[in-house]
Amino acid sequence: MASILSADSDEVLFLKYREGCIEAFEELISRYESPLLRYLLACSGNRQQAEDLFQETFSKMVERKDYYTPEAPFKFYLFKVARNLAIDASRRSKVRKSVSLDDCTPGDKPIDVVSKDPDPEEKAINHELGVILRHAIEDLREDQREVFLMREDLHLSFEEISKMTGAPLPTVKSRMLYALRHLRKSLSHTYAKAFGETCEAS
């Protein structure tokens, strides 16, 4: 069943789910578990909150299943629901103490630096690189960070991002450009500082 369903588009899978095929819904969850969790984790900075938002997103999809029309890409619809939930959660969290990226555990890895199983030293380096990258992304202006995450983690087109955020297409592209420039500058500075200290220590 899974091998047959894997050939279906997202839209077909969701329509099959509406007709009572639970396996189709499980296939959709499997497809989007990684990118959606990565996006929500980057938005919230907290693993547990990201997982809660992930569950809530798919719960909303179940609640609203009769309102979905196949003319709208399922991916766009799914991430719009997730974005709205993340925004609501962010607003609620502003009344509480912000979660520091330094509190992230090794399990909170939004970026897979390598695909093979690394040795302990390499694993430690990869984790540090992941933390550095998360700090750099967190330092982005909120509107720039949102576009960057939607483009790089969710693989949405600029047109889809424009529709989802309500920002004009040129503005979306501009935000992405500024985000990339900021990250390049931030990461270059961190890299030079880290390796400079290493050289001095040696």
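We did not get these values from a lab; they are worked out from the coordinates using the rules stated. In this text the structure is predicted, and so the values were computed from the model without any measurement. Note: ideal-geometry Cβ built from the backbone for every residue, glycine included; neighbour counts use all protein chains shown.
Brief remarks on what is shown
- Over 19 Å between alpha carbons, listed pairs 80/163; 65/163; 60/173; 16/75: 65/163; 60/173
- Taken about its Cα centre, region 1-99 carries a charge dipole of about 820 debye when Lys and Arg each add +1 at the Cβ and Asp and Glu each add -1 at the Cβ.
- With semi-axes defined as the square roots of five times the eigenvalues of the C-alpha gyration tensor, the equivalent ellipsoid of region 1-99 measures 28, 14, 10 Å, largest first.
- Label zone of residue 71 (point 7 Å out along Cα→Cβ, amide N under 18 Å): in region 10-30 this covers 11-12, 15.
- Nearest-20 debye value, region 1-52 charge dipole, Cβ charges on Lys, Arg, Asp, Glu: 180
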